[in-house]
Amino acid sequence: MSEIGGQPNRIEKNTKIKGDIVSEADFRIDGKLDGNVKTSGKVVIGKDGYIHGKVECVNADIEGSFNGELLVSDLLSLKSSAVIEGTVSVSKLAVEPGAAFNASCTMKGKGISSSSPSSVSTVTSTTGNRSGSSPASGSSGTGGFKTSVGSSSSSSANEPAKAS
């Protein structure tokens, strides 16, 4: 983790916090947070970490669980163990196969005002034995990735999704 504005902060496993956090430094959460986080740095939710609330940050790496409103001004990276629910606003999104991304997502590219997002989507990404209907369209199958993304007339602001 890089040090933006100070030493990185850490909420360890088996720690539960209820309240709001405001800082310029990076945060790693391996415990549980019921509240809001606002930082000009990076937020990392570890495999055992959970946040319920609003998170505003520059970058985020998520391995654990998140439920609420997630505002990432640059890159959101979802690891295969991530479980995301709620609303998400990002500039760039990376999703590993296996991540559960059940969120309403707005993707804003560089040079695009906040009133005209480059794409709006409801995305469901699942692997395993989950069944049921989804509002998302696309290909389906065992271990499949389902996505529904609207696009604008300018494709240069969007990067293609990569899955391996």
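Less than 5 angstrom separates the built amide H of V95 from those of L78, K162, all sequence-distant by 5 or more or on a different chain. Over 25 Å apart at the Cα level, from the set K16/K54; K42/K92; K13/K108; K47/K108; K18/K38; K18/K92, are K13/K108; K47/K108; K18/K92. Go ahead and run the numbers for FRET between D20 and T87, Cβ-Cβ distance against an R0 of 25 Å, rounding to 0.05. So the FRET efficiency works out to roughly 0.85. Highest mean packing first, where packing is the average number of other Cβ atoms within 10 Å per residue, the peptides 51-63, 93-105, 19-31 line up as 51-63, 93-105, 19-31.
Throughout, read-outs are computed from the coordinates displayed, never taken from laboratory work. Predicted model only: the values in this text are computed from it and were never measured. Heads up, the Cβs are rebuilt from the backbone with ideal geometry, glycines too, and the neighbour counts pull from every protein chain shown.
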